[in-house]
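Okay, so here's the structure we're looking at.
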Amino acid sequence: GGLSPEISHKLAISKLFLIYANEGFFESRGCQAHLALAWIAATLEQHDHPSRILVINPEAGTRHIYPLCLKDRLIGDSNETQDLSQLAATLHHHCEALSGNLGELFPLIHKRCVGPFDEIEQEPLNFVGRHREIWDIHRALKGNLAGERAQAPFVVVSGSSGFGKTQIALEYAFRFSAAYPGGVFRISGKEAEPAAQFSQLAVNAPLKPQILAILRQLCPETECSEKTSLLKIRAALAEQLTQREGDYL
């Protein structure tokens, strides 16, 4: 279904997130959301630290496991002759080497997702599938558990009308918002004029009131108004964002 407060609490006081990687795990929105929480915490530790995410795979193959770097965290598989007592000993030994818990690593966040004229408090409704696309977006923006650094300052999701581009963006914002303690901000391009070049966005009037509204949320005393040029409003917003603590989206 979604984020379970009870599971989220237990996850926060746990040393380790152990994935029972049947195919259903990777199709479950709730499981994916809790994996994202553990993932964010784990990536805040040094990469030479013992992993806080491990995987047991009960399926015959590994094609269903995604992100791919989770395959490097496999400690057990579907082999019926596997010694379960040895597996338990491996887990015990691994946990003994860990100190603290996942909750202590988690960044503090103040707002989940801020729109131009409102805060978006509810997770998107009726979102199903697209889990691999969500992980691809996160890997491009933030890197992965293996220490691979992000290579893209932004990600473009393209598709025809009704494809679900907005839903994917909102789902990503909710699922991974804690990775951006500086805040998550959203503007809509629905009414914007098509721009063949990035520079054309500087004079795209439908975006101006949205950017000004977000600026006023971050800096209520701003001198910018509806009469101020979009270029100056963008510069003022950029200055506010650079002062945020931590990454922002």
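The values are calculated or read from the model by the stated rules, or taken from the named source; none is laboratory data. It should be emphasised that the depicted structure is a prediction, and the values quoted were computed from it without experimental measurement. In this analysis, Cβ positions are derived from the backbone assuming ideal geometry, glycine residues included, and neighbour counts consider all displayed protein chains.
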Counted residues in the range 207-231 being without any contact (Cβ under 8 Å) to a residue 60 or more places away in the chain, under 24 Å from Lys190 (Cβ atoms) and of a type outside the set (Gly, Ala, Ser) come to 11
Scanning the range 42-69 for residues that are closer than 19 Å to Leu91 by Cβ and touching a helix residue (DSSP H, G or I) at 6+ places or on another chain (Cβ under 9 Å) gives Ala42, Glu45, His49, Pro50, Ser51, Arg52, Ile53, Leu54, Val55, Ile56, Asn57, Ile65
In the set Gln197, Gln210, Gln240, the lone residue that is under 27 Å from His138 (Cα atoms) and at pLDDT below 80 is Gln197
Of the residues in the range 232-249, those that are of a type in the set (A, V, I, L, M) and free of Cβ contacts under 8 Å to residues at least 24 places away in the same chain number 3
Buried (at least 16 other Cβ atoms within 10 Å of the Cβ), in contact with a strand residue (DSSP E or B) (Cβ under 6 Å, 6 or more places away or on another chain) and in contact (Cβ under 8 Å) with a residue 12 or more places away in the chain: is that true of Ile168 in this structure?
no
